[in-house]
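In what follows, a single structure is set out as structure tokens and then discussed.
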Amino acid sequence: MAIGSDNKFPKVIITEGSAPSSPSAGDQKVYIDSSDHKLKRKNSAGTVQSVDGDVAGPGSATDGHMAVFDGATGKLVKDGGAPSSGGASKVLIDTQTPSGVSTISFTSIPGTYKTLIIEFEIRGTAAQAYSQIDLIFNNDTTDANYRKTFHQAYGTNSESISGANDNSLLEGTGANSASGSFGVGSIRIQNYVSTAINKVAIMKMGSREATGSGSEMVYHRGTMEWESAAAITRADLTITSGGNYASGCEIRLYGEI
């Protein structure tokens, strides 16, 4: 190491090399590691830490998007998407584009948000007007652990369904619906990380069911309670009325801060 001056400000010149010996108690030694060219420090216990800002991210970024941690190391970041226009920030966690399968899964859901939001555009392949879809949390397929109420309105008609032992919260269109028609909507699950309350999912959506002059635009609303205080770490959406997800389906999971 050398100390010098260019007549503007003093400077310290550090030559790259290997880790030095451990300093005395209470002291630290600073060096540039010749193996990776990073500035590091070593304490009296022999612990070496990088001090030159070793957080890494993607090779490019989209202006205005948020950076979120990628994994649990605290040293990797990824594109977290654009912030919402409201007071809360909505961060994209995962996107599923299923086709030819009956179930999609969001696994290892991080517990770093206040609310989960599932947005969907869903159509099934079975020859029917609509596709019934179950929402399952944490692989809990026991019907007795769920209860729901579901209301839908179409034309001048409306109907409600409610009861225990039921997790069929939403619908997509079926193959008998007009080409290009999908069930479109969202589900909100507040305080999904709490271990003190049962979790409640609130759903709203719209769809065009069947074809021709008799086709109906249907507005759906529903809510479902999962009778468990466990934090949600996984969510599955399964078509249970036959068939699979059709091409063009997209289901997105967001976390809201």
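The values are calculated or read from the model by the stated rules, or taken from the named source; none is laboratory data. Nothing here was measured: the structure is a model prediction, and the numbers come from that model. Neighbour counts run over all protein chains shown; Cβ positions are idealised from the backbone, glycine included.
Is it the case that some residue within the range 63-86 is in a strand (DSSP E or B), outside the structural domain of N138 (by TED's automatic domain parsing) and modelled with pLDDT of 85 or more? No, every residue in the range 63-86 fails to be in a strand (DSSP E or B), outside the structural domain of N138 (by TED's automatic domain parsing) and modelled with pLDDT of 85 or more.
Being touching a Ser or Thr at 6+ places or on another chain (Cβ under 9 Å), in the same structural domain as M224 (by TED's automatic domain parsing), over 17 Å from A230 (Cβ atoms) and of a type in the set (G, A, S) is a property that G155 lacks. When you look at D27, is it exposed (fewer than 14 other Cβ atoms within 10 Å of the Cβ), over 30 Å from I109 (Cβ atoms), modelled with pLDDT of 85 or more and outside the structural domain of D94 (by TED's automatic domain parsing), yes or no? Yes; evaluated as a whole, the condition is true for this residue. Please verify whether T142 is among the β-branched types (V, I, T), surrounded by fewer than 15 Cβ atoms within 10 Å (Cβ to Cβ) and either assigned by TED's automatic domain parsing to the domain that holds V218 or modelled with pLDDT of 80 or more (or both), treating the condition exactly as stated. When the stated conditions are applied, T142 passes them. Set side by side, the residues T233, T238 differ, and just one is in the same structural domain as E171 (by TED's automatic domain parsing), within 19 Å of Q132 (Cβ to Cβ) and within 22 Å of the chain's Cα centre (by Cα), which is T238. Scanning the range 160-192 for residues that are assigned to a strand (DSSP E or B), surrounded by fewer than 12 Cβ atoms within 10 Å (Cβ to Cβ) and touching a Phe, Trp or Tyr at 6+ places or on another chain (Cβ under 9 Å) yields a total of 1.
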